[in-house]
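Please treat every number below as a calculation from the coordinates, not as lab data. Bear in mind that the values here come from a model prediction, so they are computed numbers and not experimental data. Cβ: placed from backbone, ideal geometry, glycine included. Neighbour counts: every protein chain shown.
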Amino acid sequence: MSADIPTQVRRRRTFAIISHPDAGKTTLTEKLLLFSGAIQIAGSVKARKASRHATSDWMEIEKQRGISVASSVMQMEYRDCVINLLDTPGHQDFSEDTYRVLTAVDAALMVIDAANGVEPQTRRLLQVCRARNTPILTFVNKMDREVKEPLDLMDEIERELGMTVVPFTWPVGMGKVFHGVLDLREEQMRVFSAGADRAGGDDEILAGLNNPAYASRFGMQYEQAHGEIQLVREAAPSFDEAEFLAGRQTPMFFGSAVNNFGVREVLDALVDLAPPPAVRPAIQREVAPAEPKFTGVVFKIQANMDPAHRDRIAFVRVASGHFERGMRLKVVRSGKELRPNTVVSFLSQRRELLDEAFAGDIIGIPNHGVLQLGDTLTEGESLQFTGLPFFAPEMFRMVEVADPLKTKQLKAGLQQLGEEGAIQVFRPIAGSVLMLGAVGQLQFEVVAHRLEHEYGCKARISPCRFSIARWVTCDEADGGAKELQRFIDGNSHRMAHDAVNAPTLLVEYAPELRAIENNWPKIKFHALREHA
Ligand code: G4P
């Protein structure tokens, strides 16, 4: 089959929604799917979330992993574009998975609850996007409620997130007197009407920003909006595509997702503003998305629905070329060949067998441990993509088996869970008790549960004194491996190896770390390790 790769690449938009829980991510996701025609009835995404909530405990969530696999990537077509929406895990409790998903997208949609403004989880997720210069679109949700003043929100986003905000729409009123939004570019007003069943295309549109009818119809809310727009126009810079693409400027939209209001504008903005897949760096060279040969990188591994079978789905972000079912792929790390016939795609939230994919698409490859996080897949070339981050854990626990006869199971289980990225496992140089590291408490609970139910070994997880980890390296110019070994020997009581044998320093307190850093100026201490 002859695929026009450059055309297909230009059609792709791959993004994630970042938000604090309850800002409206699920609602907006559903409306985006609805407006693009990917689903017919509103309520299906929501219903699933509700069923997850109703069970309320995470073990049930885990049991429904199959569902979450299917829903963690959604593909839709809109205006001749193929839009891939990646779900970031929505737990209050954070996990590293969330960070890694953000490495697989080309843009992010930030949803802000207009009553709450910038909230902690949004701030954290945004930091990851900023570190990668990911372009960000902002949707200010829940304008049908009593919320913060739009100027204050704009100011808060700029101050807290360090981005310039460029409003594309501006709200007229809020809560009970929310009348709609003025579209500053199209110079028209979209009049608000409530209702979750509206098609969204049936909004009443009034021409102009200064239409004489506005003052009598929308009263003081219009007067206020008019004044604010004057202020914004004087103070805010105009939209600059290069600044947006560099993640320094964010276009802002106002709406109410639950009322289907303002959603279509966001979908249009994704098509018009968000970039198609770009060049991705690998150690050996840069890879362009329209290159003819297939390349891809594993950014997430998820255990499969049936815990009795240890097969897992590797989520691969296609970086270049044309993927076709049954093609031979090389796992660069191991040199092994893979010929996936049952690759799944995620069209309209159903898992379907996939026939082809292009840069920007996500494919799911079932495997039994052949694929690891960070693996690069190619048609034969030796290539290693960079940029899949492992974060220094912020919480540590010791892990032991309750039954010594199950030591083997514990090791095998931790090895696999480590490869999935569910947890980080450290082997102390001195001592035999393994250590777990996580960025969120929930990770420990999930691991204990899975060790017991999937690997048949009950683990004793107990507190441990460490609270900070740093990967250590030493440049050749500073003494290289020799100096590093000297450091390891001198600190063996607080050194460990991680899953890929990278030497890691574990300390109790920040001042202790500072002292060590001062004493060992030739050693580099890293809070983030990239897969290499
Ligand atoms: P999340 O995925 O970010 O956690 O948020 P989700 O979409 O589940 O929305 C959280 C709550 O906010 C839901 O209410 C949802 O209905 C509500 N919501 C979303 N968008 C809007 C909006 O534009 N206006 C208003 N007023 N509310 C909105 P809930 O009570 O938790 O659930 P439900 O039973 O009402 O569905």
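Quick one: dipole size for the chain, taken about the Cα centre, charges +1 on Lys/Arg Cβ and -1 on Asp/Glu Cβ, in debye to the nearest 20.
Once rounded to the nearest 20, the dipole reads 1680 debye.
With charges only on Cβ, +1 for K and R and -1 for D and E, what is the dipole size of region 374-433 about its Cα centre, in debye, rounded to 20?
420
Quick one: net charge of Thr504's neighbours, Cβ under 14 Å, K/R +1, D/E -1?
+3
May I ask for the distance between the Cα centers of region 144-161 and region 418-492, given as a whole number of Å?
41
What number comes out for the charge environment of Pro292, summing +1 per Lys or Arg and -1 per Asp or Glu over other residues with Cβ under 13 Å away?
Computed value for this residue: -4.
Restricting to the chain, compute how many DSSP beta bridges are antiparallel as a %, nearest 5.
Roughly 75 percent of the beta bridges in the chain run antiparallel, per DSSP.
Relative contact order of the chain, please, whole-number percent, based on alpha carbon pairs below 8 angstrom and at least 6 residues apart.
14
Mind pulling the angle between the C-alpha long axis of helix 480-490 and the longest principal axis of the chain? Nearest 10 degrees, somewhere in 0 to 90.
70
Looking at Val166, Gly37, Gly490, which one has the Cα that reaches farthest to the positive end of the dipole of the chain (charges on Cβ: Lys, Arg +1; Asp, Glu -1)?
Comparing the listed Cα positions along the dipole, Gly490 ranks first.
Around Val165, what is the net charge, scoring Lys/Arg as +1 and Asp/Glu as -1 over all other residues with Cβ under 9 Å from its Cβ?
Local charge sum for Val165: -2.
Quick check: the angle from helix 441-455's long axis to the longest principal axis of the chain, C-alpha only, nearest 10 degrees?
Orientation of helix 441-455: about 60 degrees from the principal axis.
Take the Cα of Gln415, step 7 Å along the line toward its Cβ, and report every residue of region 435-457 whose backbone nitrogen sits under 17 Å from that point.
435, 451, 454-457
Label region 76-154 by shape, choosing from rounded, prolate and oblate, from the square roots a ≥ b ≥ c of the eigenvalues of the Cα gyration tensor; if a/c is under 1.5 it is rounded, and otherwise prolate applies when a/b is larger than b/c, oblate when it is not.
oblate
Just rank Thr7, Thr98, Thr504, fewest to most, by other beta-carbon atoms within 10 angstrom.
Placing the least packed residue first, the sequence is Thr7, Thr98, Thr504.
What distance in nm separates the two pseudo spin-label positions at Ala215 and Ser492, each 7 Å out from Cα along the beta-carbon direction?
8.5
Using only helices, what value at 222 nm comes out for the chain when you add -39,500 (n - 2.57) per DSSP H run of length 4 or more and divide by the total residues, to the nearest 500 deg cm²/dmol?
Taken over the chain, the calculation gives -9000 deg cm²/dmol.
Compute the acute angle (0 to 90°) between the alpha-carbon long axis of helix 263-272 and the principal axis of greatest extent of the alpha-carbon atoms of the chain; round to the nearest 10°.
Helix 263-272 sits roughly 70 degrees off the main axis of the chain.
Under 1.5 on a/c is rounded, so check that first for region 166-257, then, if it is not, pick prolate when a/b is larger than b/c and oblate when it is not; a ≥ b ≥ c are the square roots of the alpha carbon gyration tensor eigenvalues.
Oblate, since a/c reaches 1.5 and b/c is not below a/b.
For the pairs Lys25/Lys300; Lys25/Lys148; Lys336/Lys458, note any where the Cα-Cα span goes beyond 30 Å.
Correct reply: Lys336/Lys458.
Taking the Cα centre of the chain as the origin and placing charges on Cβ (Lys, Arg +1; Asp, Glu -1), which of Gly374, Gln75, Pro289 is farthest toward the positive end of the dipole?
Final value for the positive-end residue is Gly374.
Under the 0.36 nm per residue contour assumption, what length would be gained going from the current alpha-carbon distance of Ala115 and Glu146 to full extension?
Between Ala115 and Glu146, full extension yields 10.5 nm more.
Among His453, Pro404, Pro21, whose Cα projects farthest towards the positive end of the dipole of the chain, with charges put on the beta-carbon of Lys, Arg (+1) and Asp, Glu (-1)?
Going by the Cα projections, it comes out as Pro404.
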